[in-house]
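These notes are about the structure you will find just below.
Derivation of every value follows stated rules applied to the coordinates shown; laboratory data play no part. Computed from a prediction, not measured in an experiment: that's the story for all the values here. Quick reminder, even Gly has a Cβ in these numbers, built from the backbone with ideal geometry, and neighbours come from all protein chains shown.
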Amino acid sequence: MNKVLENAKKHFKSKLSGELKKITVPEWEQDIYYKGTYPFAVESKIIELQQQGKTVEALVESVITKCLDPEGKPVFNKFDKLSLMNEVDPAVLVRVASAINSATSEYNLEQVEKN
């Protein structure tokens, strides 16, 4: 393996293992945790939905894949999608998604979409 790739992977691994960030969601009587960065494998589904014009689904997908408990385990699973889309306050979902997605603003996903 080349040195540049080794260093790049080492850097990313250190970012992934960093401390979890937290948002308090009073409406859910819960703190939600999230990472400061995610691999493109996680982001790709969200980007794909955005490119298809499915903004709401992309938002819900980001909540499902990025919301964690204090131990770093997912709070939601793929089977929660319909409930989140139909039975949860959209304003709260947007606020949570905005917080967890702003953590990844170091790289602009809209720029990635355009390339």
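Values for this structure:
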| item | result |
| --- | --- |
| With Cα atoms, 0 to 90° folded angle of helix 3-16 axis to the chain main axis | 30 |
| Relative contact order, percent, the chain [alpha-carbon distance under 8 Å, six or more residues apart] | 24 |
| Which of Pro74, Thr55, Ala91, positive extreme of dipole for segment 3-114 (C-beta unit charges) | Pro74 |
| The chain, dipole about Cα centre (Lys/Arg Cβ +1, Asp/Glu Cβ -1), debye to the nearest 20 | 620 |
| Choice from Ile23, Ile64, Ile46 showing the highest fluctuation, given a GNM over the chain with Cα pairs closer than 10 Å | Ile23 |
| Ordering of 71-81, 3-13, 53-63 by burial proxy (mean other Cβ atoms within 10 Å per residue, highest first) | 53-63, 71-81, 3-13 |
| Among the listed pairs Lys45/Lys73; Lys10/Lys81; Lys10/Lys54; Lys21/Lys45, those beyond 31 Å (Cα-Cα) | Lys10/Lys81; Lys10/Lys54 |
| For the chain, convex hull of alpha carbons as volume per residue, Å³ | 120 |
